[in-house]
Protein chains: 2
Amino acid sequence: MKRSAFVLTVCIAAVCLFVLVRAQENTVLTQAKSLFGPLPKVIESKDNPITLEKVELGKMLFYDTRIASDKNFGCIKCHWMNLYGADGMKTPIGRDCKPEKRNSPTVFNAAGEIAEHWTGNRVTVEEQAKGGMQAPQAYGWKTEAEAINAIKSYSGYIPLFQKAFPGEKDPVNAENFGKAIGAFERTLVTPSRFDDFLNGNQKALTQNEQTGLKTFMELGCAGCHNSPFIGGQMYQKFGLTQPYWNLTHSAEPDSGRYAVTKNAGDIYVFKVPVLRNVAMTAPYFHDGSVDHLQDAVKIMAQLQLGKTLTDAQASDIVAFLKSLTGQIPEEALKVPILPVE
Amino acid sequence: MKRSAFVLTVCIAAVCLFVLVRAQENTVLTQAKSLFGPLPKVIESKDNPITLEKVELGKMLFYDTRIASDKNFGCIKCHWMNLYGADGMKTPIGRDCKPEKRNSPTVFNAAGEIAEHWTGNRVTVEEQAKGGMQAPQAYGWKTEAEAINAIKSYSGYIPLFQKAFPGEKDPVNAENFGKAIGAFERTLVTPSRFDDFLNGNQKALTQNEQTGLKTFMELGCAGCHNSPFIGGQMYQKFGLTQPYWNLTHSAEPDSGRYAVTKNAGDIYVFKVPVLRNVAMTAPYFHDGSVDHLQDAVKIMAQLQLGKTLTDAQASDIVAFLKSLTGQIPEEALKVPILPVE
């Protein structure tokens, strides 16, 4: 072979390799776009249009622990902004110092889910907030009227409800409590580098993170963890290949969504959680029984897909998941001052 | 009397009245300046110079509930920024759901006091924070080493301690935990309209508020509630004229500072609280036994000065006290994001 022919062959091979790599990159991006899609700026609802007045009121109510019967309960106590909308505990401690059954899910991006809580027993963020206020085991009031009176006792709230719900005769009510907090939660959307990647900036993710994304899609994780929220769009049995408690450190089995529907098919079924910010919201699973993300990833592959991941595969996926850690909206990180009279 | 003479007389009378009013205003201002003095921007300490690195680390540790043994305790839980550094409760609920003995004092301006807590059992804010971390009834750890390990388990803290305490071999320790939180608290100074008034802007306070200030000083309240912090500089028996529980709604007598010193003279003695932001930090007194500021003012006048205030006097004083509601430093209202690994 002449030298010039050799050089030509090498060049052609290099070009082929380049095209192949680009094509594969494009495949990853194309596949990711089709599975995840663009994250909205806020999560709109026809039933509860987002207004500044509602969001500001909702944030105040979210933070206000004084409106509980013992002046010691509020959304913020399980959903800290500084802990990415979760609480860092296995399960929260409820009334009478009893541990609650399930791990506090993050409120960030939660409005984008099909339903709220691990079992989906609340459909919207508005219903979730309203239900909390009405539940004696949450705010501690026996009747809704007592809860509303507690809010009204800080009379500074009255004009704020009037502004947020103009034209209503008596706007301080449970429905509007839910709507105000819901509107606030609908703004808690956290775009990350992954969204830059989806928008076509391939440098937004490191090679490692892209490999993790590819593995995540190839293994089948995205079969459940999809949509712009990387989850939250369906229910799924936890432990498809074997009982989940074989691999988790769960204290006792939790029948999951069965408690809501009483359908035998819903035993051990939970809502698939959103994976945005998952690296910031340990511990993991509905019972917070696993502390480390790498372990959680391996357990999920085994339980749901019957696959044993290598350490390298799990590390790549963790790298990808970390790229889902997003920017918390600036306004959400500003503490509201509450009315005192 | 000729008309010109009459006009002259009226003019002279008007000028006299004007001079008299000005003189009195000046007297109020002069007296206020001598009693209260200028508020510092931050509260310096020779033993713990304030640096940005310490303040930022301190704020994170202040907010971090995960470093407790149950991942459920931190300064923030009794000292909410949105509740002006207090918690709005009669007394906080501690471990095992037991109510604590005394009302959570605000952390705002607390570094300017002679000592911390109602009984002054901690001298500086640094000692207070360090003591909390070491106390099993607070963070829940049996030994200091366990507490330090809990912090180190979030390894992102290690470089932050190194930056805040440069040149130290092993900077993650109880001493520096106290110093970092102390540095943060030393920035929690809240200037208000009252400071504008002290700086000579007589329009900064309404006539009502100025009357309240005058009454506050004339009655003798400022005998104890003085300094730029309007309190916090001395101990005083609560109930000088009669047992305090005659007028408060206290469940049972609290021996106060006697618990610290075991001196008979310290029975029912408490640190005089800072009155800055007092309108924002109900309920009142060491046991949170009184809900409304107007009632608290009347009770104090009776118990400490043997004086029965009219409603008008009490309202004026409350108006003045509300002018002490200050501006929370912007940085303190920004929620810190905590390291997760």
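The values are calculated or read from the model by the stated rules, or taken from the named source; none is laboratory data. Small disclaimer: the values here were computed from a predicted structure and weren't measured. Here the Cβ positions follow ideal geometry from the backbone for every residue, glycine too, while neighbour counts run over all protein chains shown. In case anyone asks, the SASA skips ligands and DNA or RNA and just uses the protein heavy atoms, side chains included. Shrake-Rupley method; radii C 1.70, N 1.55, O 1.52, S 1.80 Å.
Observations, loosely collected:
- Shielded by partner chains, the stretch A:316-341 residues - at least 50 Å² of accessible area, 1.4 Å probe, vs chain alone: A:Leu333, A:Val335, A:Ile337, A:Val340
- Debye-sum result for the stretch B:267-326 in log10 I(q)/I(0), which assumes one identical scatterer on each alpha carbon, at q = 0.14, 0.15, 0.22, 0.31 Å⁻¹: -0.38, -0.44, -0.95, -1.42
- Local electrostatic count at B:Gly265 - Lys and Arg +1, Asp and Glu -1, tallied over other residues with Cβ under 11 Å: +2
- Note that the stretch A:59-186 shows a convex hull volume over its alpha carbon atoms of 104 Å³ per residue.
- Ranking B:Arg276, A:Arg95 from most to least accessible surface, computed with a 1.4 Å probe over the protein chains only, gives A:Arg95, B:Arg276.
- Accessible surface, per residue, of the protein assembly as shown when the full set of protein chains is kept, probe 1.4 Å, Å²: 46 Å²
- Shortest-first nm distances, A:Pro243 label point to equivalent points in other copies (7 Å, Cα→Cβ): 6.1
- Identity and axial distance of the chain B residue whose Cβ lies nearest the axis relating B to A, Å: B:Cys97, 2
- Carbon and sulfur %, accessible surface of chain A computed with the full protein complex present, 1.4 Å: 57 percent
- Candidates per trypsin sites (Lys or Arg not before Pro) in the stretch A:142-208, loop by DSSP, up to 16 other Cβ within 10 Å: A:Lys142, A:Lys169
- Alpha-carbon centroid distance for the pair the stretch A:111-143 / the stretch B:301-318, whole angstrom: 46 Å
- Remark on A:Ile93: its backbone amide H falls under 5 Å from those of A:Glu100, a criterion applied only to residues 5 or more positions apart or on other chains, H modelled at 1.01 Å from N.
- With its label point defined 7 Å out from Cα along the Cα-to-Cβ axis, B:Glu330 lies at 1.0 nm from the matching points of the other copies, in increasing order.
- Label spacing, shortest first and in nm, from A:Gly220 to its equivalents in the remaining copies (7 angstrom along Cα→Cβ): 8.4
- Rounded to whole numbers, the Karplus 3J(HN,Hα) couplings from phi for the stretch A:191-197 are x, 9, 4, 4, 6, 4, 4 Hz, using 6.51 cos²θ - 1.76 cosθ + 1.60 with θ = phi - 60°, and x at Gly and Pro.
- In percent, rounded to a whole number, the relative contact order of the stretch A:175-304 is 21, using alpha-carbon pairs under 8 Å and six or more apart.
- Between A and B, buried accessible area from a 1.4 angstrom probe totals roughly 2600 Å², ignoring ligands, DNA and RNA.
- Karplus-based coupling profile of the stretch B:34-44, in residue order and whole Hz: 6, 7, 10, x, x, 6, x, 6, 9, 9, 6, with θ = phi - 60° in 6.51 cos²θ - 1.76 cosθ + 1.60 and x standing for Gly or Pro.
- Nonlocal amide H pairs with B:Arg122, under 5 Å, H built at 1.01 Å: B:Glu116
- Working note: Karplus 6.51/-1.76/1.60 with θ = phi - 60° gives the stretch B:98-111 the couplings 7, x, 6, 6, 10, 4, 5, x, 5, 7, 5, 6, 5, 5 Hz, where Gly and Pro are set to x.
- Residues of the stretch B:270-284 that bury at least 10 Å² of accessible area once all protein chains are present, compared with their chain alone (1.4 Å probe, heavy atoms only, ligands and nucleic acids left out), are B:Ala279, B:Met280.
- Shielded by partner chains, the stretch A:68-115 residues - at least 30 Å² of accessible area, 1.4 Å probe, vs chain alone: A:Lys71, A:Asn72, A:Lys77, A:Trp80, A:Asn82, A:Leu83, A:Gly88, A:Met89, A:Cys97
- Computed from Cα positions, the angle between helix B:293-305 and the longest principal axis of chain B comes to roughly 80 degrees.
- Virtual spin-label span in nm between B:Lys46 and A:Leu240, 7 Å along Cα→Cβ: 6.9 nm
- Built amide H within the under 5 Å cut-off of A:Glu168, gap 5+: none
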